[in-house]
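A short write-up of the structure that comes next.
The values are calculated or read from the model by the stated rules, or taken from the named source; none is laboratory data. All values reported here derive from a predicted model rather than from experimental measurement. Methodologically, a virtual Cβ is constructed for each residue, glycine included, from the backbone with ideal geometry; neighbour enumeration extends over all protein chains shown.
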Amino acid sequence: MISTSTQTISKFDAWILASRPRTLAAAIVPVIVGSSIAVRDGLFQPLAAFIALLCSILIQVGTNYVNDLFDFLHGTDKEDRTGPQRAVASGIISVTEMKIGIYISFGMSFVLGMYLVSIGGWFILFLGVISILAGVAYTAGPFPLAYNGLGDIAVFIFFGFVGTVGTYYVQTLTITSMAFWSSVPVGALITNILVVNNYRDREEDRSNGKNTLAVIFGEKFTRLQYLTFMIVSYAILFVVYFTYKKSLWIFLPLLSLPISIKLIRMIYSLRGKELNKTLELTAKLSAIYGLLFAAGILL
């Protein structure tokens, strides 16, 4: 057992904490949506979809481990941080142990991903390798994306297009405009999780030299960015309805609209640690929307 300033937890629990389980919906939703389109097109491949899901989760966990480690090494994460407790900064997991965890997570995703490469060829190998490299480069390397205002773009691309369209491709060996447009709300709502996180931490990040978009452009821009992604996510439903699937079932995600309205009110009124609840609810919204969207596509 390891004692911290706030609690005593086991080593196993420490690894679970560092994996940030509340963020894993971001790895699951793109696979569900991409697979739902494959089912609709009569091309669903369950084993490929399952392996894609495992690879997506492992890459997300590895990215979270990298983030935990390098935010500590950069001096960004401290024990008195506004957000949730971090494993390395709190001394629960050592630097060496976290490095091993990173190698295992990304290594397992690469090995499993070779099955997908056997199906989809070099294109899938390229997507897999670049996804792992982006997970590392998010907070590590000579030009960490999250420290130079590129984190939001990376999240939108990899959780939106790569996650959704890549999942569809390994099952169908093709890319359709339906898969592309469906990736937009997935990426937008998952990016909003990061937007809330950066909005909450902007003062800490500024003092630590972490130049997120919230630091560079300020709170008004960040709130507008959050609002814009919300609007785009629901507007895409009309694009899909009128262009690809003229069924009212595609509007099922509108059932989550009250949550979105509540979240917009929260980000315009809350500050600091109060935004932890907003962050949690934003993550839940991305999952709820994604499940409803997938159901609408299937129905």
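Taking every residue in the range 287-299 that is outside any helix (DSSP H, G or I) and pairing it with any residue that is not polar (S, T, N, Q), at least 6 positions away or on another chain, the pairs with Cβ-Cβ distances below 7 Å are Leu299/Trp249. On the basis of being within 26 Å of Asn211 (Cβ to Cβ), at pLDDT below 90 and in a loop (DSSP other than H, G, I, E, B), does Asp71 make the cut? In short, no.
For the range 185-202, the count of residues that are small (Gly, Ala, Ser), surrounded by fewer than 23 Cβ atoms within 10 Å (Cβ to Cβ) and part of a helix (DSSP H, G or I) is zero. Considering every residue within the range 160-174, establish whether at least one is assigned to a helix (DSSP H, G or I), under 10 Å from the mean Cα position of the chain (by Cα) and not charged (D, E, K, R). Checked against the condition, which is being assigned to a helix (DSSP H, G or I), under 10 Å from the mean Cα position of the chain (by Cα) and not charged (D, E, K, R), the range 160-174 yields at least one hit.
In this entry, Ser90 passes the filter for residues that are touching an Asp or Glu at 6+ places or on another chain (Cβ under 9 Å) and at pLDDT below 95. Residue check: Asn198 meets all listed conditions (1) farther than 17 Å from Ser35 by Cβ; (2) within 19 Å of the chain's Cα centre (by Cα); (3) at pLDDT 95 or above; (4) not acidic (Asp, Glu) but one, namely (3). Of all residue pairs spaced 6 or more apart or on separate chains, those with beta-carbon atoms under 9 Å, a first member in the range 249-277 that is without any contact (Cβ under 8 Å) to a residue 60 or more places away in the chain and a second member that is not in a helix (DSSP H, G or I) are Trp249/Leu299; Ile250/Tyr244; Ile250/Leu299; Leu252/Leu299; Lys277/Leu270.
Results for (1) surrounded by fewer than 16 Cβ atoms within 10 Å (Cβ to Cβ); (2) part of a helix (DSSP H, G or I); (3) of a type in the set (Phe, Trp, Tyr), shown as yes or no for each residue.
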| site | (1), (2), (3) |
| --- | --- |
| Phe221 | yes, yes, yes |
| Met230 | no, yes, no |
| Lys246 | yes, no, no |
| Leu254 | yes, yes, no |
| Ile261 | yes, yes, no |
| Lys277 | yes, yes, no |
| Thr282 | no, yes, no |
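Residues in the range 92-151 that are part of a helix (DSSP H, G or I), over 16 Å from the mean Cα position of the chain (by Cα) and of a type in the set (Val, Ile, Thr): Val95, Thr96, Ile100, Ile102, Ile104, Val111, Val117, Ile119, Ile124, Val129. Of Gly272, Gly290, all but one fail to be surrounded by fewer than 14 Cβ atoms within 10 Å (Cβ to Cβ), out of contact with any Gly (no Cβ under 9 Å at 6 or more places or on another chain) and closer than 21 Å to Thr23 by Cα; the exception is Gly272. Only residues that are crowded, with 19+ Cβ neighbours inside 10 Å and either among the hydrophobic types (A, V, I, L, M, F, W, C) or touching a Lys or Arg at 6+ places or on another chain (Cβ under 9 Å) (or both) were counted across the range 111-135, and they come to 4. The listed residues are Leu53, Leu43, Leu17, Leu24, and the only one of them that is touching a strand residue (DSSP E or B) at 6+ places or on another chain (Cβ under 9 Å) and either in contact (Cβ under 8 Å) with a residue 24 or more places away in the chain or within 20 Å of Val129 (Cα to Cα) (or both) turns out to be Leu17.
Across the range 152-174, which residue is surrounded by the most Cβ atoms within 10 Å (Cβ to Cβ) among those that are in contact with a Phe, Trp or Tyr (Cβ under 8 Å, 6 or more places away or on another chain) and closer than 16 Å to Ile130 by Cβ? This residue is Tyr169.
Do the conditions hold for Ser35, that is, is it at pLDDT 95 or above and not aliphatic (A, V, I, L, M)? Judged against the criteria, Ser35 is a match.
One residue stands out in the range 12-26 among those that are in a helix (DSSP H, G or I) and aliphatic (A, V, I, L, M): the one that is farthest from the chain's Cα centre (by Cα), namely Ala14.
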